[in-house]
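Please treat every number below as a calculation from the coordinates, not as lab data. Bear in mind the structure is a predicted one, so any value in this text is a computation, not a measurement. For neighbour counting, all protein chains shown are included, and Cβ atoms are generated from backbone atoms with ideal geometry for every residue, glycine included.
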Amino acid sequence: MIKLSSFTVFFLFFFSLTNFCYSEIDLKIVMKIDNEIITNYDLEKEANYLVALNPKLSEIDKEKLIIIAKRSLIKEKIRKNEIMKYKSLNKKNIQIENVLNNLMMNLNFSNQDQLQEYFKNFNISINDLKEKIEIENEWKSLIYAKYSNSVKIDKSKLSKKIDAISKKEILTEYNLSEILFTPKKNFSINDQISNIRQSIEKIGFENTANLYSIADSSKVGGKIGWIRENNLSEEINKNLKGLKKNSLSNPIQIGNNFLIIKINQIKQVPIEINKEEELNKIIIIETTKQLDKFSNIFYNKIKLNSKISEF
């Protein structure tokens, strides 16, 4: 874990070298999403935000960074426009504070004042952060309201899985990152996989996740965190079996999409399972997986019906 002082010094130094000079920007309209105008300032501000979340993005060229920022802004604005059909945003939801606190801990800060100062160096205010968090939270709430009745959970199958696991004394726990991508039309899946692997070799897994992944985790370089093997699907476990630290899985088909997983770390943990609690955990994880699929489907649908103009 990086100590606070060295972490802060690094980013202040990085910011002094790479921060976009907003006072010299020649303001131009670069996109229009439905009725909302996006300027080059908005794009560069989004790029700064993404670099703040994933510092390794500072290693790629500005052109690629702007492409990533453009895709991120399009997704955010389309989601926001859909949310605004049903409710207004006020930046006061209790969940916002929970996400801010998690972000604070992930960036190794001890309080929100330090978090605020850090993002301020990237020209991102605390209100900017709260709005982005609220859009993500409200989008998840919208997806749950629309699709929760379509989620299918086989509790009997999950219970049998827990019974089998409860006989073990030790489980494998993985620290994982992901790249979830959709096959492109008129482009073979093998060529697409080859391009992603070449990108990983050239600019690293985290930056490639920002560039190619459609998962929300792409904003943080595809990082998922620690997950026990019993909370992964059989197909994913099969692909991870025998792999070592820093290894990549083969592409795993998930519905109409494909998933590449990186193992950041592996450890063996002793277990003592409370079957009821474990079942509830697995149900939540499986529900989230299914809702994520519905989220991607719904987003792609409304994106097709959105008017996106680039200038």
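Note the listed values [x] 20.5, 65; [y] 24.0, 77; [z] 23.0, 79, then indicate which one is Rg and Dmax of the Cα atoms in Å calculated from this particular structure.
Of the listed options [x] 20.5, 65; [y] 24.0, 77; [z] 23.0, 79, [x] comes from this structure.
So how strong a dipole does the chain carry about its Cα centre when Lys and Arg Cβ are +1 and Asp and Glu Cβ are -1, to the nearest 20 debye?
Its charge dipole is roughly 840 debye.
Can you give the angle from 0 to 90° between the axis of helix 40-53 and the longest principal axis of the chain, with both taken from C-alpha atoms, to the nearest 10?
40
Residue farthest toward the positive end of the dipole of the chain, with Cβ of Lys/Arg at +1 and Asp/Glu at -1: which of Asn246, Ser156, Met105?
With unit charges placed on the Cβ atoms, the residue in question is Ser156.
Of the cross-linked pairs Lys168/Lys293; Lys157/Lys267; Lys28/Lys219; Lys87/Lys157; Lys238/Lys289; Lys45/Lys80, which ones have a Cα-Cα span greater than 29 Å in the structure shown?
In this structure, Lys168/Lys293; Lys87/Lys157 lie more than 29 Å apart at Cα.
Taking R0 as 25 Å, what FRET efficiency do you get between Lys238 and Leu89 from their Cβ-Cβ distance, rounded to the nearest 0.05?
With a Förster radius of 25 Å, E is 0.05.
To the nearest 10 degrees, how steep is helix 94-106 against the longest Cα principal axis of the chain, on a 0 to 90 scale?
Roughly 90 degrees between the two axes.
With viscosity set to 0.692 mPa s and temperature to 37 °C, compute the Stokes-Einstein D of the stretch 170-270, Rh being the Kirkwood radius across alpha carbon pairs; µm²/s, no decimals.
Diffusion coefficient, whole number: 237 µm²/s.
Relative contact order of the chain, please, whole-number percent, based on alpha carbon pairs below 8 angstrom and at least 6 residues apart.
For the chain, the relative contact order is 22 percent.
Taking a quarter of the surface of the Cα convex hull of the stretch 95-220, what do you get in nm²? Present the calculation step by step, with values, prior to reporting the outcome.
On the way: hull surface 51.1 nm².
Mean projected area of the Cα convex hull: 12.8 nm².
Calculated FRET efficiency, Asn256 and Met105, Cβ-Cβ r, R0 22 Å, to nearest 0.05?
The value I calculate is 0.05.
Which value at 222 nm does the chain reach when only helices count, each DSSP H run of 4 or more adding -39,500 (n - 2.57), with the total divided by all residues and rounded to the nearest 500 deg cm²/dmol?
-17500 deg cm²/dmol
Sort Trp226, Trp139 by Cβ crowding within 10 Å, fewest neighbours at the top.
Working: Trp226 13, Trp139 21.
With the fewest neighbours first, Trp226, Trp139 line up as Trp226, Trp139.
Kindly express, to the nearest 10 degrees and within the range 0 to 90, the angle between helix 275-304's C-alpha long axis and the longest C-alpha principal axis of the chain.
Once rounded, the angle reads 40 degrees.
How large is the dipole of the stretch 170-270 about the Cα centre if only Lys and Arg carry +1 and Asp and Glu carry -1, each at its Cβ, rounded to the nearest 20 debye?
So the magnitude is around 180 debye.
Residues with amide H under 5 Å of Leu171's amide H, sequence separation 5 or more or different chain, H placed in the peptide plane at 1.01 Å from N; which?
Val269, Ile271
Can you list the trypsin sites (Lys or Arg not before Pro) in the stretch 102-195 that are in a DSSP coil and have 13 or fewer other beta carbons within 10 angstrom? Please report the intermediate quantities before stating the final value.
On the way: sites: Lys120, Lys130, Lys132, Lys140, Lys146, Lys152, Lys155, Lys157, Lys160, Lys161, Lys167, Lys168, Lys184, Lys185; in loops: Lys152, Lys167, Lys168, Lys184, Lys185.
Of the trypsin sites (Lys or Arg not before Pro), the ones in loops of the stretch 102-195 whose Cβ has at most 13 other Cβ atoms within 10 Å are Lys152, Lys167, Lys168, Lys184, Lys185.
Quick one: if you stick a label point 7 Å off each Cα along the C-beta vector at Lys62 and Ser194, how many nm between them?
3.3
Can you give the net charge of the other residues whose Cβ lies under 10 Å from the Cβ of Ile124, counting K and R as +1 and D and E as -1? Working shown, then result.
Working: positive: Lys45, Lys120, Lys132; negative: Glu46, Asp128.
The answer is +1.
What length, rounded to one decimal in nm, is gained on full extension from Asn127 through to Asp216, with 0.36 nm per residue of separation minus their alpha-carbon distance?
30.0 nm
May I ask you to sort Ser177, Ser156, Ser199 by Cβ crowding, counting other Cβ atoms within 10 Å and putting the fewest first?
Ser156, Ser199, Ser177
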